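Have a look at the structure below before the remarks.
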Amino acid sequence: MRIGKWLNSLSGLDYIIILFCFGFAALLTHFILRGIRQFYNQLQKDNPYAPKFRITPTIFFIIALPLTTGVYFTIGTMLTGWLGSIIH
């Protein structure tokens, strides 16, 4: 199925779950990037010529979007069924 048809077939609850999954993936990405920065700083220690490790929005989204997809396909169906039974 193409992504456009897939997005059109989603319900409002699915969009809320995708937003929740993106928030969770964003939190994971934040911790991953902090860990990478800390590891990089430990490797460089007192090197005054080492470039500073910068976290840009591009790097953030490159990591967060695949994580969002993985989280959604892992627990999205379960959440949709669980929340659907609570709401309806």
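The values are calculated or read from the model by the stated rules, or taken from the named source; none is laboratory data. What you are looking at is a predicted structure, and each value in this text was computed from that prediction instead of being measured. So basically every Cβ, Gly included, is an ideal-geometry build from the backbone, and we count neighbours across all protein chains shown. All accessible areas refer to the heavy atoms of the entire protein, side chains included, with ligands and DNA or RNA removed. Shrake-Rupley method; radii C 1.70, N 1.55, O 1.52, S 1.80 Å.
Identify all residues within the stretch 1-36 that are open to solvent by 80 Å² or more (accessible area, probe 1.4 Å) and within 18 Å of the chain's Cα centre (by Cα); write none if there are none. Let's see the steps before the verdict.
Just the residues of the stretch 1-36 that are open to solvent by 80 Å² or more (accessible area, probe 1.4 Å), to begin with: 1-3, 5, 8, 15-16, 19-20, 24, 27, 30-31, 34.
Tyr15, Ile16, Leu19, Phe20, Phe24, Leu27, His30, Phe31, Arg34 - these are the residues of the stretch 1-36 that are open to solvent by 80 Å² or more (accessible area, probe 1.4 Å) and within 18 Å of the chain's Cα centre (by Cα).
Looking at Gly76, Gly4, Gly84, Gly12, which one is touching a Cys at 6+ places or on another chain (Cβ under 7 Å) and modelled with pLDDT under 90? Talk me through it step by step, then tell me what you get.
On the way: Gly4 fails: touching a Cys at 6+ places or on another chain (Cβ under 7 Å); Gly84 fails: touching a Cys at 6+ places or on another chain (Cβ under 7 Å); Gly12 fails: touching a Cys at 6+ places or on another chain (Cβ under 7 Å).
Answer to the check: Gly76.
So which residues in the stretch 37-49 are assigned to a helix (DSSP H, G or I) and open to solvent by 100 Å² or more (accessible area, probe 1.4 Å)?
Filtering the stretch 37-49 down to residues assigned to a helix (DSSP H, G or I) leaves 37-44.
Matches in the stretch 37-49: Gln38, Phe39, Gln42, Leu43.
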Problem - Pick from the stretch 71-82, criterion open to solvent by less than 50 Å² (accessible area, probe 1.4 Å) and either outside any helix (DSSP H, G or I) or in contact (Cβ under 8 Å) with a residue 24 or more places away in the chain (or both), ranking: farthest from Ile17 (Cα to Cα) - result: Val71
Exercise for the section: Check whether at least one residue in the stretch 50-57 is open to solvent by 50 Å² or more (accessible area, probe 1.4 Å), without any contact (Cβ under 8 Å) to a residue 60 or more places away in the chain and within 18 Å of the chain's Cα centre (by Cα), and report yes or no. Expected result: yes
